[in-house]
Amino acid sequence: MNILITGGAGFIGSTLADRLLSKGNKIIVLDNFNDYYDVNIKEQNITNNLKNKNYKLFRGDICDRELTDRIFNENEIDIVLHFAARAGVRPSLEDPLEYVRSNIEGTVNILEKIKKYGVKKIIFASSSSVYGNCKADKFSEDLKVTEPISPYAATKLACEQILYTYSKLYEINTVCLRFFTVYGPKQRPDLAIRKFIELIEQDKPIPVYGDGTTMRDYTFIEDIVGGICAAMDYDKTLYEIINLGGGSPVTLNEMISTIEDVLGKKAQINRLPLQQGDVIKTVSDITKAQKLLGYKPKTNLKEGIRKFIEWKSLYNK
């Protein structure tokens with residue numbers, strides 16, 4: 001199968017590329033290697049694949065119409081895994097125009113190429129942030145999500161709606177996957193688990209926003225990749241939104257305690273006020289993913305943190 005992964009040098013995209021290459025697929029990656037975080041991390045993510053004859057890399061922007069047209073024209077793409085996006089809740093408050101350009105305009109450009117070249121399937125990386133400060137005990141896909149509290153979340157929600165439109169108009173099989181706080185090997189350095197581990201190891205204080213009772217549904221990267229692969233095979237309906245979460249949400253304080261336990265080292269805490277745009281909790285209802293995809297997360301937080309630390313020790317050698 002010929003698979004285009006946009007954002008394929010990033011955390012999730014590169015991990016997925018590794019898995020799909022191991023199954024004999026041909027992978028085409030489009031990534032702009034922006035400087036949102038250290039570009040060398042992305043370069044490291046793809047190093048092992050550059051010599052693989054089934055791996056092709058294009059460096060560029062998903063908004064670049066000529067480049068994307070060339071990619072679709074030169075490669076008989078069977079499915080698009082659209083993971084490219086301007087990431088981060090807090091930075092989206094500082095530069096909302098760039099988030100709209102990259103996330104919304106870029107998505108429409110990819111959809112136009114899908115339409116033009118007759119590609120019949122797209123998997124979209126959405127986010128649990130679309131639920132905003134939802135009051136429900138669990139976040140299920142049938143909840144009305146009309147109150148995103150950051151420009152990043154708003155762009156993801158807008159993309160889901162645009163994808164619905166293209167799906168219905170042009171019969172494109174579409175699955176929007178709402179990821180819940182993904183962590184693990186290759187995790188971005190700005191995300192909490194990696195950031196906290198590195199600061200604790202360096203005997204530096206960790207920034208803790210609020211009193212530590214905010215809650216996240218942490219999801220290990222291998223569980224996410226398994227869910228994505230299952231979504232690639234799903235063809236029962238034309239358009240679906242599906243949660244992929246860990247199923248066992250924990251508080252920020254509990255997450256820090258787990259890191260301390262695995263590292264065998266206490267954290268120095270720097271208490272800070274809650275940040276604008278941050279949600280109070282994310283709690284996934286994964287019933288739909290279980291039913292449609294056979295999704296079953298296997299890695300608990302402690303095991304996942306241990307696996308990340310083991311990877312990091314090898315990565316830094």
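Laboratory data are not the source of any read-out in this text; all were calculated from the coordinates shown. All of these numbers come straight from a predicted model, not from anything done at the bench. We place every Cβ from the backbone using ideal geometry, glycine too, and count neighbours over all the protein chains shown.
Distance check, please: which entries in Lys42/Lys138; Lys26/Lys236; Lys115/Lys135 exceed 29 angstrom between their Cα atoms?
Working: Lys42/Lys138 34 Å; Lys26/Lys236 25 Å; Lys115/Lys135 38 Å.
The answer is Lys42/Lys138; Lys115/Lys135.
Remark: spin-label model distance Asp278-Glu74 equals 4.4 nm, labels positioned 7 Å along the Cα→Cβ axis.
Please work out the Cα convex hull volume for the chain and give it in Å³ per residue.
126 Å³
What the pair-distance distribution of the stretch 26-129 shows, using all Cα-Cα distances binned every 10 Å from zero, is 13, 44, 35, 8, 0 percent.
Give me the orientation-averaged projected area of the Cα convex hull of the stretch 137-240, in nm², one decimal. Intermediate results must be reported in sequence, preceding the final value.
Numbers: hull surface 35.5 nm².
Answer in nm², one decimal: 8.9.
Could you give the length gained on full extension between Lys266 and Glu43, defined as 0.36 nm per residue of separation minus the Cα-Cα distance, in nm?
On the way: separation 223, 0.36 × 223 = 80.28 nm, distance 3.25 nm.
Using 0.36 nm per residue and subtracting the Cα-Cα distance, I get 77.0 nm.
Here the average projected area of the convex hull drawn through the C-alpha atoms of the stretch 81-210 stands at 9.7 nm². Cα centroid separation, the stretch 172-196 to the stretch 97-113: 20 Å. With each label modelled as a point 7 angstrom along the Cα→C-beta vector, the Lys138-Arg19 pair spans 2.2 nm.
Between Lys51 and Asp211, what FRET efficiency follows from the Cβ-Cβ distance if R0 is 45 Å, with the result rounded to 0.05? All intermediate terms of the calculation are to be shown ahead of the outcome.
Numbers: r = 50 Å, r/R0 = 1.10.
So the FRET efficiency works out to roughly 0.35.
With semi-axes defined as the square roots of five times the eigenvalues of the C-alpha gyration tensor, the equivalent ellipsoid of the stretch 103-166 measures 26, 12, 8 Å, largest first.
When every Cα-Cα distance of the stretch 7-72 is counted in 10 angstrom steps from zero, the calculated P(r) takes the values 21, 53, 25, 1 percent.
A Förster radius of 41 Å, combined with the Cβ-Cβ distance separating Lys168 from Ser248, puts the computed FRET efficiency at roughly 0.70. Each residue, Asn300 and Phe33, gets one label point 7 Å from its Cα in the Cβ direction; the gap between the two is 4.2 nm.
Radius of gyration (Cα atoms) of the stretch 201-266, expressed as a multiple of 2.2 N^0.38 Å: 1.56.
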